[in-house]
Amino acid sequence: MITHTSPLAGSRSLPRPFWMLWLGIVVNRAGAMVQPFLSVYLTRVQGFGIGETGAVMAAFGVGSVLSHMVAGRLADRFGRRATLTGGMLATSVSMVLMGAASGFAFVAVTAFLLGLTIESYRPASQAMVADLVPPSVRPRAYGLLFWGVNLGYAVAMVAGGWFADRGATAMFGVNAAVAVAFAVLVWRAVPESRQAAPTGGAWRSVLRDPVMLAFSIVTAAYGAMYAQAFTTLPLAMAGQGISGVHFGLVMALNGVLIVAVQPLAGKRLSRLDPNRVLAAGTAIVATGFALTAFVHDEGGLAVTVVVWTAGEIAVAGSIPTIVSLLSPPALQGTYAGVSGMSWSVGAVLAPVLGSLLLPLGPGPLWGGVAAVGMAAALGSIALGGPVRLRSHTWT
């Protein structure tokens, strides 16, 4: 039972199906150890070189980008529960196939299939929350999903590191098992939530929606900035003489702060306009990265991580909330899929942006990254009026 002293107090109005979905996501992410250690597996177990590893990771990335669009449309067409359950079962099969694969061609194909299925739960779960939770509570609900993902991810990183040091093959079996557990939990404990009949011309509707297209650009820009933390930042800090061990310890602050602060901050942020929250959060993340230009040791890096993590916590619930407000009730999955794809595109562009700016030095690098973020913040502010107008259309 949730008490008033719990960090989740105040979230008791969220319906039971939401909490079952939340529990399933935590379980799934706690066993999701393949993705963060995939490159380790490819080099240590498969014996691939840098070029082959990069090609396999690219195949995985292409599948991941497509998965959001495919799963989002399926969630509208066949229902949230069926899509989520089927996607997790397909993920389990893909895990087993990749764990058994050998040879570059077979591994690359299974990596694409794994990328195509592993993220399928995201648009379906995002649409399910929009179905189950009224708009005023959605920022808190989406923030709690983000919290659950990070809670599970912390477990996965510890467990995945243990398996990675022991050959890594077994982690595919564990990941496949938790995907099945997630599927069973959703099928048995989460009823279908889709409230509107499926419609044709879903992609045409999105392409004719200038507000959603503009917001997708904002999302991609934010993703291109935020993903620097896992692409360019490690390289830049190595150039500053910060060891990999110390870098990892400082970066652990990100997860610790999210787990400790998100439930408390989410309740307060849910009372505010989501576009303004997104703009403020994005600007704070940009400020954190801008300050990285002045980092010379672990202490300075820790300060910047704290700053951009605070912004990340604000952003977490606002992006899916805005997407749910923009979407017609019958296209929640499709719109969520487009949003997820935009984020993935931004993440793909992140290393490209970073590699172009890194040789120019810390000032141009982190100033340029921050400029991308500030542009996204301004875009969010500009879209505030159209988003509020659209939200009144569906209420």
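Evaluating 6.51 cos²θ - 1.76 cosθ + 1.60 at θ = phi - 60° for every residue in region 102-111, the Karplus couplings come out as 8, x, 4, 4, 5, 5, 5, 5, 5, 5 Hz, glycine and proline recorded as x. The calculated FRET efficiency for the pair Arg188 and Val93, based on their C-beta separation and a Förster distance of 22 Å, comes to about 0.65.
Out of region 5-96, which trypsin sites (Lys or Arg not before Pro) are coil in DSSP terms and have no more than 10 other C-beta atoms within 10 Å? Within region 5-96, no trypsin sites (Lys or Arg not before Pro) qualify (loop, at most 10 other Cβ atoms within 10 Å).
Could you put Ile50, Ile217 in order, starting from the residue whose Cβ has the fewest other Cβ atoms within 10 Å?
Numbers: Ile50 10, Ile217 16.
Ascending number of Cβ neighbours within 10 Å: Ile50, Ile217.
Counting beta carbons within 10 Å around each of Ile313, Ile242 and listing the fewest first gives the order Ile242, Ile313. For region 266-333, the relative contact order works out to 42 percent when only alpha carbon pairs closer than 8 Å and six or more residues apart are counted.
The residue among Val56, Pro17, Ala154 whose Cα reaches farthest toward the positive pole of the charge dipole of the chain, with charges on the beta-carbon of Lys, Arg, Asp and Glu, is Pro17. Where only DSSP H runs of four or more residues are counted, the chain gives -26500 deg cm²/dmol as its mean residue ellipticity at 222 nm, each run worth -39500 (n - 2.57).
Using Cα pairs closer than 8 Å and at least 6 residues apart in sequence, work out the relative contact order for the chain, in percent.
After rounding, I find 26 percent.
Shape verdict for region 233-302, please, from the Cα gyration tensor: rounded (a/c under 1.5), prolate (a/b greater than b/c) or oblate. Oblate, because a/c is 1.5 or more while a/b does not exceed b/c. Placing unit charges on the Cβ atoms of the charged side chains and taking the dipole of the chain about its Cα centre, the candidate lying farthest along the positive direction among Pro359, Trp343, Thr83 is Thr83. Inter-label distance, Thr43 to Leu213: 4.2 nm, where each label sits 7 Å from its Cα along the C-beta direction.
Annotation: for a label point projected 7 angstrom from Cα along Cα→Cβ of Arg276, residues of region 342-381 with backbone N closer than 14 Å are 381.
Its relative contact order, with pairs defined as Cα atoms under 8 Å and 6+ residues apart, puts region 202-395 at 39 percent. Decide, for the chain, between rounded, prolate and oblate: order the square roots of the alpha carbon gyration tensor eigenvalues as a ≥ b ≥ c, take rounded if a/c falls under 1.5, and otherwise choose prolate if a/b is larger than b/c, else oblate. Verdict is rounded for the chain. Quotient of the Cα radius of gyration of region 202-395 and 2.2 N^0.38 Å, N being its number of residues: 1.06. The modelled label-to-label distance for the pair Val256/Ser243, using points 7 Å beyond Cα in the direction of Cβ, is 1.8 nm. Placing unit charges on the Cβ atoms only, positive for Lys and Arg and negative for Asp and Glu, gives the chain a dipole magnitude near 1160 debye about its Cα centre.
Bear in mind that the values in this text are calculations on the coordinates, not laboratory data. Quick caveat, the model's predicted, so the values are computed rather than measured. Cβ: placed from backbone, ideal geometry, glycine included. Neighbour counts: every protein chain shown.
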